[in-house]
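Data block below; observations after.
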Amino acid sequence: FQMCQGRVITKLLCSGEKEVDLAVQSAKAAFKIWSQMSGMERSRVMLEAARIIREQREEIATLETINNGKSIFEARVDIDISWQCLEYYAGLAGSLAGEHIQLPGGSFGYTRREPLGVCVGIGAWNYPFQIACWKSGPALACGNAMVFKPSPFTPLSVVRLAEIFTEAGVPKGLFNVVQGGAATGQFLCHHPDVAKISFTGSVPTGIKIMEMAAKGIKPVTLELGGKSPLIIFSDCALENAVNGALMANFLTQGEVCCNGTRVFVERKILDVFTKEVVKRTQNIKIGDPLLEDTRMGALINRPHLDRVQGFIKQAKEQGAQVLCGGDLYVPDDPKLKNGYYMRPCVLGNCTDDMTCVKEEIFGPVMSILPFDTEEEVVERANNTKFGLAGGVFTRDIQKAHRVVAALKAGMCFINNYNVSPVELPFGGYKSSGFGRENGRAAIEYYSQLKTVCVEMGDVESVF
């Protein structure tokens, strides 16, 4: 395992078919105990896990920064969202219930909400700890067990989460971690004792996971990529809109699936908005992610850095103008000289048909596109295979609601961006996937409904 600074910090063995089977069997045994506990009993254990995370916030955030390369400032926010997630689902665990339906003649029916069994979580490398909590929170609250596979680029922090669950008192093996790449993922997806798969990552991998799950008729939740529109109207609060555009593009070095990377700006304010965004982007402090004042750390690895650089090169060839950044950054600190750093980039003179506007770059690259009318921008915003997120900045509240209603995206923001409270469902439309993380909605995807019909009289036979 290589740190984002280009140094090997530890070596981990990939889990093969045997290890995956051991993890699943162990989770299956733990599931028998956990699923028989009451919601309130599960709630107490989850609250204890949340408390430990909150107490060890600094230590886990530091581990996450080393794991992923994001700034310590951001990593702390991730850890806070993580314990809040477990706390939220602990709160729901005791309230999970079915309903009672009165039928004729004193007969009745009722429904039971039951767990699925052993669920598989497959995480991405941009929010390793947080994604593991987003998946395990509702899974455990519903009474399931989980086997989690983090990305091979960020294997560390999820192991800490497994230790925390054990410390909190979950049955041994209820939350297991397996390490590895595509082969390990395949063993998980094909395992006959796996009841459900929840995946966060790229569209091509999501397609493969869905195909593998289909063979076992396993339900899947897919949280895939995006090329989300951020629409800036001329009647916006300009400073707020600039802040929103920076938040929508440069968190975690731009490696965020719901980023609003197509920034549509009403032509009247194009020049003033662009000038301010460029100025603010040039002032972003890049460097050692463990320093308090750093706001942008290193990208995940060398191939990914090269890929992002390739998109910028291609954008220039297609006529886009690099307004700032896009070049490699070498920090003054000699121990960081091999790190995967680049300056955040703003592209102007963009058109809808450019590769940088159509494809997910997954790096700190913002494309600015002018527009003239509301009708036009909505049509252009929706002209994409993706549908994860979308944002609108305007002081006209009717227009804001009208536009988000017209956007074909699962997560929309009005006068903010990249805010993901655990109380609200998160997920996409179209190629960005289906199913939902967070909110009460996630309960639907980690449980199944049993209907029981009770006859209080004699059975009337038609025979």
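Annotations
- Per residue, the stretch 229-414 exposes 42 Å² of solvent-accessible protein surface, assessed with a 1.4 angstrom probe and all protein chains in place.
- Cα gyration tensor shape of the stretch 178-221, rounded if a/c is under 1.5, else prolate or oblate by comparing a/b with b/c: oblate
- Solvent exposure of the stretch 1-81 as accessible area per residue, Å², 1.4 Å probe: 50
- Förster radius 30 Å - calculated FRET efficiency between Thr111 and Ile207 (Cβ-Cβ, nearest 0.05): 0.35
- Pairwise centroid distance, computed over Cα atoms, of the stretch 378-440 with the stretch 305-323, Å: 27
- Nearest-0.05 FRET efficiency for Leu12 and Phe463, computed from C-beta distance (R0 51 Å): 0.20
- From the coordinates shown, mean projected area of the Cα convex hull in nm² corresponds to which of (i) 29.4; (ii) 25.6; (iii) 39.7: (ii)
- For Lys399, the lysines whose Cα falls under 27 Å of its own Cα, not counting residues fewer than eight places away in the same chain, are Lys227, Lys268, Lys275, Lys358, Lys385, Lys408, Lys430.
- DSSP bridge pairs, the chain: antiparallel proportion in percent, nearest 5: 35
- Among 358-364, 202-208, the order from most to least packed when residues are scored by Cβ within 10 Å on average: 358-364, 202-208
- Nearest-ten-degree value, helix 270-282 long axis tilted from longest Cα axis of the chain: 80
- Largest to smallest in accessible area, the residues Asp396, Asp332 fall in the order Asp332, Asp396 (1.4 Å probe, all protein chains included).
- Shown is the FRET efficiency for Asn382 and Phe73, computed with R0 = 35 Å from the Cβ-Cβ distance and rounded to the nearest 0.05: 0.55.
- For the stretch 1-72, trypsin sites (Lys or Arg not before Pro) meeting the loop criterion (DSSP other than H, G, I, E, B) and having at most 12 other Cβ atoms within 10 Å: Arg7, Lys11.
- Portion, in percent, of the accessible area of the chain that falls on carbon or sulfur, probe 1.4 Å: 55
- With Cα atoms as the point set, the radius of gyration and Dmax of the stretch 229-414 evaluate to 16.2, 53 Å.
- Degrees, to the nearest 10: 128-141 long Cα axis against longest axis of the chain: 20
- Overall form of the stretch 1-42 per C-alpha gyration tensor (a/c, 1.5; a/b vs b/c): oblate
- Rounded to the nearest 20 debye, dipole of the stretch 229-414 from Cβ charges on Lys, Arg, Asp, Glu: 220
- Placing +1 on each Lys and Arg Cβ and -1 on each Asp and Glu Cβ, with no other charges, gives the chain a dipole about its Cα centre of roughly 700 debye.
The values are calculated or read from the model by the stated rules, or taken from the named source; none is laboratory data. The model shown is predicted, which means the values in this text are computed figures rather than measured ones. Cβ coordinates were reconstructed from backbone atoms using ideal geometry, including for glycine residues, and neighbour counts include every protein chain displayed. Just the protein is used for accessible areas: all its heavy atoms, side chains included, with ligands, DNA and RNA removed. Shrake-Rupley method; radii C 1.70, N 1.55, O 1.52, S 1.80 Å.
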